[in-house]
Structure formats: structure tokens, C-alpha cells
Amino acid sequence: MKKLTIIGASGHGKVVADIASLNGYEEIEFLDDDRSISLCGLYPVVGTCMKASEIENDIFIAIGNANHRKKLFRMNRDKYLPILVHPDAVVAKDAKIGAGTVIMAGAVLNPGIKTGEGCIINTCASVDHDSSIGNYVHVAVGAHLCGTVTVGDETWIGAGSIVSNNVSICGGCTIGAGAVVIKDIKEKGTHIGVPARMMNELQKLRGGGILLDSFIYKVLTLYRQFHTAA
Ligand SMILES: CC(C)(COP(=O)(O)OP(=O)(O)OC[C@H]1O[C@@H](n2cnc3c(N)ncnc32)[C@H](O)[C@@H]1OP(=O)(O)O)[C@@H](O)C(=O)NCCC(=O)NCCS
């Protein structure tokens with residue numbers, strides 16, 4: 001009988017459990033450090049994360065935070081960490097997927113792609129041909145990586161964002177929801193907007209934008225006053 005212990009009894013864990021049951025796991029349980037949780041979806045929470053060392057089941061780390069996920073991966077290296085793929089995901093024959101990665105419903109992973117370990121390819125996300133993503137990367141709901149994109153370790157590609165073809169994003173970044181990344185990102189940090197820019201830079205530009213708007217408004221007001229008077 002296939003048995004799985006999932007670390008992280010969250011909403012994400014609930015989705016992972018559903019995919020695990022569709023992948024043939026007949027017995028599923030959770031571990032979580034929040035002792036007040038006794039049930040996650042259909043499955044029981046049987047102890048805290050430390051209990052994993054005593055367990056002989058396969059283990060899946062369903063923790064959203066990349067750094068936390070990495071630590072738990074290191075603690076559970078001696079276990080079998082399966083790859084879970086929803087039956088309604090499309091994964092190319094030659095795709096190379098790292099251990100402990102989950103690929104959710106509607107996701108598309110095209111030929112020549114590679115993922116590191118502990119990645120999350122969320123609902124309806126896509127990773128197009130020859131793209132390569134590092135360890136503990138999360139491609140959030142509906143995000144799209146066009147062809148030959150490279151993403152560094154622990155980067156989070158926000159929901160509904162788009163990364164243009166041939167673009168590289170370094171490790172440790174957060175790409176905001178709905179962003180469009182059109183150029184390489186070489187600096188760690190949060191990048192938002194269309195086109196995506198480092199968060200602080202965007203805010204500075206926005207400040208400049210407001211000043212420019214008010215300058216144009218004043219010029220237009222003076223122009224109207226001048227014409228009305230004439
Ligand atoms: C980018 C992000 C991480 C920033 O979060 P934060 O640091 O808490 O930022 P705040 O909400 O305080 O917003 C700071 C500023 O950035 C703007 N901003 C935040 N997220 C933005 C986004 N995705 N696109 C454009 N602007 C954004 C806010 O409007 C705000 O601007 P203001 O100061 O002019 O009002 C977050 O908004 C985001 O997009 N997260 C991704 C969520 C996601 O993809 N979830 C997927 C789950 S599967």
C-alpha cells in the first residue's frame with residue numbers, strides 16, 4: 001500500500017493531498033507544527049514536523065515558503081520524496097522534474113524543460129520549451145514562462161505573471177502577481193508591474209509620475225485660462 005506523510009497542513013497541503021490520492025497513495029496523513037490543527041481536508045494531522053524522522057512513509061514537503069521548504073528537504077534527505085503530477089497536467093516526455101515537486105491541474109510543461117527539487121508548478125501555470133527552473137521555485141497559479149527562460153533557486157513567480165522568452169531571473173526573487181518580465185533580472189528582490197521593475201524603483205518612478213501628472217495639469221490649466229481670456 002502506498003503511504004504518504006505530507007508536511008504542512010495548509011490549503012496548499014490540501015491540494016497536494018488530493019493530487020497524491022489521484023497518484024495512487026491510499027493512506028495519507030499530515031504533520032504540522034500548529035498543534036491546534038487535527039484535520040487537513042480529508043486527512044488527519046498526526047504530529048509535528050519533527051515526527052518525520054520516525055516515519056517510514058514517503059514524505060512530501062507542502063510548505064509555501066521556499067526557505068522553510070529547503071530546510072525541511074535537507075532534514076528529510078534520507079526519505080523518498082515523490083514527484084506528484086495531477087492527471088490533468090501535461091508533462092512532456094523528456095521533461096526532467098526534480099524530487100518532491102508538485103505539478104497541479106492544468107499545468108503544462110513542454111519539451112526540454114528542467115525543474116530543480118521541491119518546486120511547485122501551480123494550477124494552470126506553464127513552463128515552455130527548454131526552460132530551466134532551479135530548486136524550490138514556485139510558479140504560481142496561471143503564471144507563464146515562455147520558451148528558454150531560466151529561473152534561479154527559491155524564486156517565486158507570482159500569479160498570472162508572464163516571463164518573456166529567453167529571459168533569466170536570478171535566485172531569491174519575488175515576481176509580483178500580474179507582472180510582465182521582459183528583461184533579465186540580475187538583482188534579488190521584489191519585481192512588479194508591466195514591464196516588471198524592482199519594487200523600490202517602481203515606487204520612485206510612480207512618485208515621478210505623480211509630479212509629472214501635476215506639472216502637465218498645471219500647464220493645461222494655464223493654457224485654458226489663457227485661451228478663455230483671449
Ligand atoms: C509583490 C507582492 C509580493 C508585494 O507584496 P507587499 O510587499 O506586501 O506589497 P504591498 O501590498 O505593501 O504593496 C506595496 C506597493 O506595491 C504595489 N503592488 C503590490 N503588488 C503589486 C503587483 N503585483 N503589481 C503591481 N503593484 C503592486 C501596491 O499597490 C503598493 O503600491 P502603493 O505603495 O503605491 O500603494 C504582492 O503584492 C504580490 O503580488 N504577491 C504575489 C501573490 C501571488 O502571486 N500569489 C499566488 C498564490 S498561488
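Within region 135-170, the set of residues being more than 16 Å from the ligand (Cβ to nearest atom), assigned to a loop (DSSP other than H, G, I, E, B) and under 15 Å from Met198 (Cα atoms) comprises just one member, Cys170.
Return the residues of region 72-91 that are closer than 14 Å to Asn135 by Cβ and exposed (fewer than 14 other Cβ atoms within 10 Å of the Cβ); say none if nothing qualifies.
From region 72-91, those closer than 14 Å to Asn135 by Cβ are 72-74, 77, 81, 83; that's our starting set.
Listed by number, the residues that qualify are Arg74, Arg77.
Within region 93-104, the set of residues being in contact (Cβ under 8 Å) with a residue 24 or more places away in the chain and surrounded by fewer than 20 Cβ atoms within 10 Å (Cβ to Cβ) comprises Gly98 only.
Each row is one residue, and each column tells you yes or no for (1) within 12 Å of the ligand (Cβ to nearest atom); (2) touching a strand residue (DSSP E or B) at 6+ places or on another chain (Cβ under 9 Å); (3) at negative phi; (4) at pLDDT 95 or above.
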{"position": "Pro111", "(1), (2), (3), (4)": "no, no, yes, yes"}
{"position": "Ile120", "(1), (2), (3), (4)": "yes, yes, yes, yes"}
{"position": "Ser132", "(1), (2), (3), (4)": "no, yes, yes, yes"}
{"position": "Cys173", "(1), (2), (3), (4)": "yes, yes, yes, yes"}
{"position": "Tyr217", "(1), (2), (3), (4)": "no, no, yes, no"}
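Rundown of residues vs (1) outside the structural domain of Met104 (by TED's automatic domain parsing); (2) of a type outside the set (Val, Ile, Thr); (3) surrounded by fewer than 23 Cβ atoms within 10 Å (Cβ to Cβ); (4) within 20 Å of Asn122 (Cα to Cα), yes/no style:
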{"residue": "Gly11", "(1), (2), (3), (4)": "yes, yes, yes, yes"}
{"residue": "Glu27", "(1), (2), (3), (4)": "yes, yes, yes, no"}
{"residue": "Met50", "(1), (2), (3), (4)": "yes, yes, yes, no"}
{"residue": "Phe60", "(1), (2), (3), (4)": "yes, yes, no, yes"}
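The values are calculated or read from the model by the stated rules, or taken from the named source; none is laboratory data. Computed from a predicted model, the values in this text were never measured in an experiment. Note: ideal-geometry Cβ built from the backbone for every residue, glycine included; neighbour counts use all protein chains shown.
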